[in-house]
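Remarks on the structure that follows.
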Amino acid sequence: MALDQSFVGRTYPPTAPYEVGREKIREFAEAVGDANPAYTDRDAAAALGHADVIAPPTFVFAITFKAAREVVQDPQLGLDYSRVVHGDQKFAYRRPVRAGDRLTVTSTIEAIKSMAGNDILDVRGEVHDEAGEHVVTAWTKLVARAAEEA
């Protein structure tokens, strides 16, 4: 079943704040194999002009993808999540994510397309800190594979 096109432009409420911790940043950097000392050493981050350690660029995916869950679980949208694969991800930063940030995400459906029986959903996540400063925009493309013919 095709997704409801009237959902394009729909914005969901901001998430509860997510507090970025030094240990979470370290664990993420280790998991992705990025040994940049600015991710684990406050002095190295300070030498680059940051008040605390910063997160690798893809760290914010964990926050924005969790926020997009509200979109994909919206029963009115009609998305069969059991058929979804992650199609693409991109980020546009205003500043790095830092340890101590308290971030919220507001998700908006930017596009819904159908190609070869597959539904493609583009979700934009706007990430702000607790002062309201825009930190990063993340775009997530989800592909709901076509149902197999019986």
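Do we find a residue being without any contact (Cβ under 8 Å) to a residue 12 or more places away in the chain, of a type in the set (A, V, I, L, M, F, W, C) and under 19 Å from Leu3 (Cα atoms) anywhere in segment 111-133? Yes; the residues of segment 111-133 include at least one that is without any contact (Cβ under 8 Å) to a residue 12 or more places away in the chain, of a type in the set (A, V, I, L, M, F, W, C) and under 19 Å from Leu3 (Cα atoms). I'd like to check something: does segment 36-48 contain any residue that is within 30 Å of Ile120 (Cα to Cα) and assigned to a helix (DSSP H, G or I)? No: segment 36-48 contains no residue that is within 30 Å of Ile120 (Cα to Cα) and assigned to a helix (DSSP H, G or I). The residue list Ala38, Ala46 contains one member that is out of contact with any strand residue (DSSP E or B) (no Cβ under 9 Å at 6 or more places or on another chain) and open to solvent by less than 60 Å² (accessible area, probe 1.4 Å), which is Ala46. Filtering Glu133, Glu110 for residues that are more than 26 Å from Glu19 (Cα to Cα), open to solvent by 30 Å² or more (accessible area, probe 1.4 Å) and more than 12 Å from the chain's Cα centre (by Cα) leaves a single hit, Glu110. Here is a check on your reading of the model: is Arg83 modelled with pLDDT of 95 or more and open to solvent by 50 Å² or more (accessible area, probe 1.4 Å)? Here the answer is no, as Arg83 does not meet what is asked. Going through segment 17-27 one residue at a time, which ones are in contact with a strand residue (DSSP E or B) (Cβ under 9 Å, 6 or more places away or on another chain) and either open to solvent by 80 Å² or more (accessible area, probe 1.4 Å) or in a helix (DSSP H, G or I) (or both)? Across segment 17-27, the qualifying residues are Glu19, Ile25. One residue stands out among those in segment 52-79 that are part of a helix (DSSP H, G or I) and not hydrophobic (A, V, I, L, M, F, W, C): the one that is least open to solvent (accessible area, probe 1.4 Å), which is Thr64. With respect to the conditions (1) surrounded by 13 or more Cβ atoms within 10 Å (Cβ to Cβ); (2) among the small types (Gly, Ala, Ser); (3) modelled with pLDDT under 95, Ala150 lacks only one, and its number is (1).
The values are calculated or read from the model by the stated rules, or taken from the named source; none is laboratory data. All figures in this text were calculated on a predicted structure; none of them were measured in a lab. Note that each Cβ is placed from the backbone with ideal geometry, even for glycine, and that neighbours are counted across all protein chains shown. The protein model used for the area step is the full one, side chains on, heavy atoms only, and it has no ligands, DNA or RNA in it. Shrake-Rupley method; radii C 1.70, N 1.55, O 1.52, S 1.80 Å.
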